Amino acid sequence: MRSTLSRIAAVVTTGALALSLAACGSSSGESGAGKTLRVGTLSDGPPSIYLQNGVFTGYDNELLRDIAKREGFQVEFVGTEFAGLLASVANGKFDVGSSTISTTDARKKTVAFTNGYDVGYTTIVTKKDANLKDAAAFAGKRLGVVQASVQDEFAGKIAGASVVRFPDYNAGFAQLKNGTLDGWVVPKDIGQQYLDQNPAVPLEFGFTQPNKDTPSAFAVAKGNKELLAKLNDGIAKAIADGTVARLHAQFFKQAPLTPELEQGGAGLPVTNPGA
């Protein structure tokens, strides 16, 4: 079932800015002062990406707002489902994808990625005391995932597990609560937020795996090198002056920040094939 929130589209701009952004949303060389970029994002993945009082926010989106101010463009956030997000970036429907997108080799065939701005963990949330602490324990179990997410790929590699796909996080969480799923595969920060917001539901983290080799990054269309360069420049500046560290601490109360993203850190370079 489609979440009501995931159908909501909200417009948020970063204010009037004086610089020009060339080739945003295309590779034709078109440019314009204060150009507005359409950003595809999700509405139900706190603390990274979510809708609050009609405004898209979260770590990913607030970082992108900061980059926009630095680089001279505006952003319009539009709610979407993850399954079609990268294709919508590739075909120009969205200029940027902002959704805790892990930079896998398979995804690099569709879009180009900025350098990374976060690393995290994939975890399986289970009922409390289910004692499902390793991958083998999920043979014969039903695992819920957001369709086309890295967690979808992760779950598909668990031998004997039955993978059930949903359009958004809310739908999967609802099924876990009512007992029709044995596990719910999510980024750990998103799972933590749901546990914190639902203390009466007896849930816990089961099997967890780090994914530092595929950091989260913004997606842009292949060939849009001007936009890619501007986003990377903004990320580098936000790392250098401590903005990334500040935003991470604001939204991730319990998760540590990898040293590469601390103020003055080396960053998390991402290589795009053919770049």
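The values are calculated or read from the model by the stated rules, or taken from the named source; none is laboratory data. Everything numeric here is computed off the predicted structure, so don't read it as measured data. Ideal geometry is used to build each Cβ from the backbone, glycine not excepted, and the neighbour counts take in all protein chains shown.
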**Complete:** In region 65-96, anything over 15 Å from residue 227 (Cβ atoms) and among the acidic types (Asp, Glu) is listed as 66, 81
**Asked** Does residue 126 satisfy being buried (at least 18 other Cβ atoms within 10 Å of the Cβ), modelled with pLDDT under 95, assigned to a strand (DSSP E or B) and of a type in the set (Ser, Thr, Tyr)?
**Response** no
**Request:** Check whether at least one residue in region 249-260 is in contact (Cβ under 8 Å) with a residue 40 or more places away in the chain, crowded, with 22+ Cβ neighbours inside 10 Å and either under 19 Å from residue 145 (Cβ atoms) or not aromatic (Phe, Trp, Tyr) (or both), and report yes or no.
**Result:** no
**Message:** Given the criteria of a type in the set (Asp, Glu) and either within 17 Å of the chain's Cα centre (by Cα) or buried (at least 23 other Cβ atoms within 10 Å of the Cβ) (or both), does residue 95 qualify?
**Reply:** yes
**Asked** Wholly within region 141-191, which strands (runs of 3 or more DSSP E) include no fewer than the required count, namely at least 1 residues that are under 16 Å from residue 208 (Cα atoms)?
**Response** 142-146, 183-187
**Prompt:** Any idea which of 148, 136 is outside the structural domain of residue 237 (by TED's automatic domain parsing) and touching a helix residue (DSSP H, G or I) at 6+ places or on another chain (Cβ under 7 Å)?
**Reply:** 148
**Asked** Does residue 125 fit the bill of being more than 13 Å from residue 150 (Cβ to Cβ), among the hydrophobic types (A, V, I, L, M, F, W, C), in contact (Cβ under 8 Å) with a residue 40 or more places away in the chain and not assigned by TED's automatic domain parsing to the domain that holds residue 153?
**Response** no
